[in-house]
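All remarks here apply to the structure that follows.
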Amino acid sequence: MTIIALLRRREAGIIVMIVIFSLFVGVLQPRFLTSETLRIVLLAVPLVMIAAMGEMMVIVARHVDLSIGSILGFSSIVAGMLWRDHPGLPVLLGVVAALATGSALGLVNGLVVTIFRLPSIIVTLGTLSLYRGLLFFYSDSRQVDPQYIPRDIIGMSQTSPIFGIPWIIIVACVIALATYFFLDHTRLGRQIYAIGSNPTAAPLRGIRAAPVTILVFVISGALAGVAGVLYASRFGYVNPGITGVGFEFTVIAPIVIGGVSINGGVGSVGGTALGVLLLGAVSVALPVLGVSGFWQNAIYGAVILFALVIDRSVRQGGLKGLLARDAA
């Protein structure tokens, strides 16, 4: 692959955006370009990175999971309540419980979408509220306080034997690499792209669309469960009214800016990871620049709209061709 071809890739454009944005903020606030700020950015992205890997698969398969924030919250509260109500319970059991909870909720999404042939955006919009309501019922609206979160879980956000890099960053990188190999080097991964590219033709090629669709929702839910455990690690508590609220937009924004088409069939792990890193830098830069955090959702919304316009223009043969077609 030539240098020109590399520069034309979506990933190269995102890297350039990250560099330009970092230099721009660094000129305004030099403390942004320090190792401490880099550490803060890296700690800000693992939760989104992990959840984005699952959500990316769902979108590549031409669906969307809006309930991912509620699944994260439910999984996190299940693990937190186990540790709170059963002191001395092995940490691993709490992690398995969160993983199982996320997988089960994702399975429900997949089954409803495939059995009743309903639009996933409508189904998961409903389960977003359903799961959140069940979360309040299950937890009795009570927060799991920091003293109940195991020290081993808290320690995952602090360090590790591997050059002192926090475990949550390592876990996020491992999951991203595993997702890359799954999508790009397995038959099942290629089937996910095939279904997203042409759901009508995929069954004619022997691809069973329903089981694959259910699988991507289960994977998305399972990874949201992992992110739920790491949420408890990162923040040291779990609150049913806060944990995971609005998380779906935080996850979808870097996915679409990373080149994953909302129409399915197109996208890469590398682009998604870079999109997560870019918006992680944005989220850290806002308080450094003295900008209110309330602007963060507005910025994410603008990013989603911008990425959708770019995606459509590329699919229609360029922005000039798009404008000409609309004018006609």
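The values are calculated or read from the model by the stated rules, or taken from the named source; none is laboratory data. Here the structure is a predicted model, which is why all the values come from computation and not from measurement. Ideal geometry is used to build each Cβ from the backbone, glycine not excepted, and the neighbour counts take in all protein chains shown.
Here is how the numbers come out for the structure above:
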| quantity | calculated |
| --- | --- |
| Qualifying residues in the stretch 250-264 (those that are in contact with a Gly (Cβ under 7 Å, 6 or more places away or on another chain) and not in a loop (DSSP other than H, G, I, E, B)) - the one nearest to Trp295 (Cα to Cα) | Pro254 |
| Residue count for the stretch 200-222, restricted to those that are assigned to a helix (DSSP H, G or I) and out of contact with any Leu (no Cβ under 9 Å at 6 or more places or on another chain) | 11 |
| Among (1) free of Cβ contacts under 8 Å to residues at least 60 places away in the same chain; (2) of a type in the set (A, V, I, L, M, F, W, C); (3) over 20 Å from Met57 (Cα atoms) - the single one Ile122 does not satisfy | (3) |
| Search result, residues across the stretch 135-170 that are in contact with a helix residue (DSSP H, G or I) (Cβ under 7 Å, 6 or more places away or on another chain), assigned to a helix (DSSP H, G or I) and of a type outside the set (Ser, Thr, Tyr) | Leu135, Asp152, Ile153, Ile154, Ile168, Ile169 |
| Matching option when the condition is surrounded by fewer than 23 Cβ atoms within 10 Å (Cβ to Cβ) and without any contact (Cβ under 8 Å) to a residue 12 or more places away in the chain, among Phe249, Phe182 | Phe182 |
| Flag if Ile242 is over 30 Å from Thr200 (Cβ atoms), of a type in the set (Val, Ile, Thr) and assigned to a loop (DSSP other than H, G, I, E, B) | yes |
| The stretch 275-302 residues that are surrounded by fewer than 21 Cβ atoms within 10 Å (Cβ to Cβ), paired with ones that are modelled with pLDDT of 80 or more and basic (Lys, Arg) (beta carbon under 8 Å, 6 or more apart) | Val288/Arg31 |
| Top-ranked residue of the stretch 226-246 - restricted to ones that are under 14 Å from Ile50 (Cα atoms) and not small (Gly, Ala, Ser), ranked as surrounded by the fewest Cβ atoms within 10 Å (Cβ to Cβ) | Arg234 |
| Of residues in the stretch 74-95 being within 15 Å of Ala224 (Cα to Cα) and out of contact with any Phe, Trp or Tyr (no Cβ under 8 Å at 6 or more places or on another chain), the one surrounded by the fewest Cβ atoms within 10 Å (Cβ to Cβ) | Val95 |
| Gly80 being among the small types (Gly, Ala, Ser), assigned to a loop (DSSP other than H, G, I, E, B) and farther than 27 Å from Pro287 by Cα | no |
| Selection from the stretch 102-118 of residues that are under 12 Å from Leu223 (Cα atoms) and surrounded by fewer than 23 Cβ atoms within 10 Å (Cβ to Cβ) | Ser103, Ala104 |
| Failed condition for Thr213, given (1) over 13 Å from Leu188 (Cα atoms); (2) β-branched (Val, Ile, Thr); (3) in contact (Cβ under 8 Å) with a residue 60 or more places away in the chain | (1) |
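Residues are listed down the side, and each one gets a yes or a no for (1) part of a helix (DSSP H, G or I); (2) of a type in the set (Phe, Trp, Tyr); (3) under 30 Å from Gly271 (Cα atoms); (4) modelled with pLDDT of 95 or more:
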| site | (1), (2), (3), (4) |
| --- | --- |
| Leu66 | no, no, yes, yes |
| Ser75 | yes, no, yes, yes |
| Leu89 | no, no, no, no |
| Leu92 | yes, no, no, yes |
| Leu125 | yes, no, yes, yes |
